[in-house]
Structure formats: structure tokens, C-alpha cells
Amino acid sequence: GAGVSQSPSNKVTEKGKDVELRCDPISGHTALYWYRQRLGQGLEFLIYFQGNSAPDKSGLPSDRFSAERTGESVSTLTIQRTQQEDSAVYLCASSLEGSGSDTQYFGPGTRLTVL
Amino acid sequence: QKEVEQNSGPLSVPEGAIASLNCTYSDRGSQSFFWYRQYSGKSPELIMFIYSNGDKEDGRFTAQLNKASQYVSLLIRDSQPSDSATYLCAVNGGNYGQNFVFGPGTRLSVLP
């Protein structure tokens, strides 16, 4: 595709349920990032994938959060036993090489609402 | 803890004026600096990046970097109402992508 795509665009769930968010990066991009953005706040780094290297999970806020990536393509972010404080927009970004000078291209985000 | 700070605003400027957005960072080893624009309800989009001290111009936008003082700024000349958005400063501390740190953003409002 031409850009980063994410699905679903909106997700409303009940507290305690598990949710799975999907990200399709730009074809050929080896690096993929997940961020969380709470209302009116900046971007909070969650996890980073680069090629076949072990992911950097240092930003995951709790063990309820996990993410996987299949090769250099699709990634899924899973939140188990959702809590109301998990409500936010979850943004995925990809970049060509994952170097410090690389531009990140963002997807449209998934707005998660936990009731 | 690496930090990137921005004035949250809102910063209000009249149409046609110069808008000046500032960003400071704590990691002296930071090497790459990015400005993203985020319209309300939309995802961030890159405006420009800068790696070297000094100014970098792209159309109405100028990024300024001063590594000694650890600040980077974005100037928007001839501001337009369509420039009204939140501007995010992002700093990368090394050669690896996971060192990106985003500031909280400055909300800019350009008044017609």
C-alpha cells in the first residue's frame, strides 16, 4: 500500500476484555514502532521492531501489553484485560531502516475506548 | 530519563505573522531532530528534520538547531490559518530508531 494502515480505526470494548490492534507498515520498511497518545498528550513510545532483531519492549507499560511482528510486515498489539486508563489512540509508524536519522511515517491510528 | 520539552501553548499568532516554536532536550548526545505537525484527530506528519547546527529552510518553514544550548526551534513565516495544529518535536539520541523521544507538542492557533 501507499502508506501505513491500521485497523480497526475505532474500538470500543468493556473493561477486562482483550483487544488486538493491527498495523500494516509501508512495504519495504524494516522498522516499525507503536506509540500511545492519550487525549491532549504527546506520543508515548511502546515498542520497536527492526528487521529480525529482538524488539525493544522498554516502553510497554505493563505485562498486559504485548506485540508481535511477522517478519518485516504486519504487526499486532495486544492488550489483555483492558482497563479504562488504556483508552487512547494507538499509533503505528514505520521507517525504512530504523536508524536515528530515518523519517517515521505514521498510520491513522486506532482509537481505543474502554468502558 | 531522556526528556524533550515544549511549551504546550496554545500559541496564538495573527495570520501573516511569524510563529516561533521551541523545543529543548536533555540528551546532549542527540543527533537527529524532527518536527511533526498533527492536526486534531489526525496522525502526525513530518514537516522537516535537521541534523546539523544552524538553520535549514524549506518553503515557509525554517528549523534552527543549537546543540550547545540543546534546543531546536521551528519558525513558520507568513502563518496561515491552515497551519493551526499541534507541532511535535522529536529527538533521536543515537543511531538506532528506538531512541526517539517525542515532546508533548505545542498547539498553534493562527487567527485570521
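Scanning the stretch A:1-24 for residues that are under 24 Å from B:W35 (Cα atoms), more than 12 Å from every other protein chain (Cβ to nearest Cβ) and not in a strand (DSSP E or B) yields a total of 1. Each residue in the stretch B:70-90 was checked for being more than 19 Å from B:G9 (Cβ to Cβ) and either at pLDDT below 95 or surrounded by 15 or more Cβ atoms within 10 Å (Cβ to Cβ) (or both), and 1 of them qualify.
The stretch B:23-70 holds strands (runs of 3 or more DSSP E) entirely within its bounds, and those carrying 1 or more residues that are within 12 Å of another protein chain (Cβ to nearest Cβ) map to B:32-38, B:45-50. Could you please let me know if B:V110 is part of a strand (DSSP E or B) and either farther than 28 Å from A:S9 by Cα or among the charged types (D, E, K, R) (or both)? When the stated conditions are applied, B:V110 passes them.
Give the residues of the stretch B:3-60 that are among the charged types (D, E, K, R) and either crowded, with 17+ Cβ neighbours inside 10 Å or more than 20 Å from A:G42 (Cα to Cα) (or both), sorted by residue number.
Filtering the stretch B:3-60 for residues among the charged types (D, E, K, R) gives B:3, B:5, B:15, B:27-28, B:37, B:42, B:45, B:55-58, B:60.
Residues satisfying the conditions are B:E15, B:D27, B:R28, B:R37, B:D55, B:K56, B:E57, B:D58, B:R60.
In the stretch A:25-66, the residue that is farthest from B:P104 (Cα to Cα) out of those that are within 14 Å of another protein chain (Cβ to nearest Cβ) and of a type in the set (D, E) is A:D56. Restricted to the stretch A:38-87, the set of strands (runs of 3 or more DSSP E) holding at least 1 residues that are out of contact with any Leu (no Cβ under 9 Å at 6 or more places or on another chain) comprises A:44-50.
The values are calculated or read from the model by the stated rules, or taken from the named source; none is laboratory data. Note that the structure is a prediction, hence the values are computed from the model and not measured. Here the Cβ is made from the backbone with ideal geometry for all residues, glycine too, and neighbour counts use every protein chain on show.
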